[in-house]
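K.L.:
One structure, pasted below without further comment.
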Amino acid sequence: MQQETFGSYIRGLREAAGMPLRKLAARLDIDQSTLSKIETNQRYASREMVPLLAEVFGLDARELRIKFLSEQILYQIRDEEDGLEALKLAEETINYNKPQKQ
């Protein structure tokens, strides 16, 4: 099963809301062509766009940020032979370095 990309997810939200590309681009303070490239996965959204997108579409900012970050991680390791192992090690390192709750 293939996951929907962040760009196509945003496009789906925009279209479902009946919002023209130009209006969302204006809300994000970017060119229409840039937004079009993001929606068609020719360019990546910036981290700064995530809270704005959450606000525009009434989404949980944390959930949208997780979707954004997971795609960023995927693009970093997808072509690496040992990508999955590196991801597992990163998870272990994060868990090891978490402050302990008291």
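Just so you know, all these numbers are worked out from the coordinates, no wet-lab data involved. The structure presented is a predicted model; accordingly, all values stated were derived computationally and were not measured. Glycine gets a Cβ as well: all are built from the backbone with ideal geometry, and neighbour counts include every protein chain shown.
K.L.:
For segment 80-90, take each phi angle, set θ = phi - 60°, evaluate the Karplus expression 6.51 cos²θ - 1.76 cosθ + 1.60, and give the result in whole Hz per residue in order, putting x for glycine and proline.
P.N.:
My calculation for segment 80-90 gives 7, 4, 9, x, 5, 5, 5, 5, 5, 5, 4 Hz in order.
K.L.:
Compute the distance in nm between two label points, each set 7 Å from the Cα along the Cα-to-Cβ direction, one at Ala16 and one at Glu55.
P.N.:
2.1
K.L.:
Using 0.36 nm per residue, how much length does the chain from Thr93 to Ala26 gain when fully extended, once their Cα-Cα distance is taken away?
P.N.:
Details: separation 67, 0.36 × 67 = 24.12 nm, distance 3.99 nm.
Using 0.36 nm per residue and subtracting the Cα-Cα distance, I get 20.1 nm.
K.L.:
Could you work out the longest stretch of the chain that avoids the trypsin sites (Lys or Arg not before Pro) located in DSSP loops with at most 13 other Cβ atoms within 10 Å? Could you put the intermediate results ahead of the total?
P.N.:
On the way: sites that count: Arg47, Arg78, Lys101.
That would be 1-46.
K.L.:
Please give the helix 61-77 orientation as an angle from the longest Cα principal axis of the chain, in degrees from 0 to 90, rounded to the nearest 10.
P.N.:
70
K.L.:
If you scale each eigenvalue of the Cα gyration tensor by 5 and take the root, what three semi-axes come out for the chain, rounded to whole angstrom and sorted largest first?
P.N.:
Numbers: eigenvalues 176, 60, 24 Å².
Here the semi-axes work out to 30, 17, 11 Å.
K.L.:
What nm value, rounded to one decimal, do you get for the distance between Ser70 and Glu85 when each label is placed 7 Å out toward the C-beta?
P.N.:
It is 2.5 nm.
K.L.:
Still on this structure, please answer the following. Largest first and in whole Å, what are the equivalent-ellipsoid semi-axes of segment 14-71 based on the Cα gyration tensor, each being the root of 5 times an eigenvalue? Intermediate values should be presented prior to the final figure.
P.N.:
Working: eigenvalues 59, 40, 20 Å².
One finds semi-axes of 17, 14, 10 Å for segment 14-71.
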